[in-house]
Amino acid sequence: MASRVVPLLNRIVVQKLEAPLKSAGGIILKESDDSSPMVGKVLSVGGGHIFDNGKRRDMLLKVGQNVLLPTYLGQEITVDQEKVYIYRDTDIVAVLE
């Protein structure tokens, strides 16, 4: 299971989901011919970013949130035949509520 992957610092582990074509308000989220999903569910989060001065910034994302993903970023890994992706928290475009 992907929950065995524990990301470090400001990294998150995401499982891609089938993205809706439109939001409830009618905003087009992706083109219908794009086969790459751009929505994911956060499976685990790191401890946060540590700056050079030693101060820590807590993670903005939480496990279980659905997020809008960038198109060309993220590291794909396979855990127990399941594809998951690792992103930096600052790469995430938006939280979907």
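No lab work stands behind these numbers, since they all come straight from the coordinates. Predicted model only: the values in this text are computed from it and were never measured. A quick note on method: Cβ atoms are made from the backbone with ideal geometry, for glycine too, and the neighbour counts reach across all protein chains shown.
A compact table of results
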| quantity | calculated |
| --- | --- |
| FRET E, pair A24, V93, Förster distance 22 Å, beta-carbon r, rounded to 0.05 | 0.80 |
| Order of I12, I50, I86 under a 10 Å beta carbon neighbour criterion, fewest first | I50, I86, I12 |
| Residue-span extension gain [N66 to L8] - 0.36 nm each, minus C-alpha spacing | 18.9 nm |
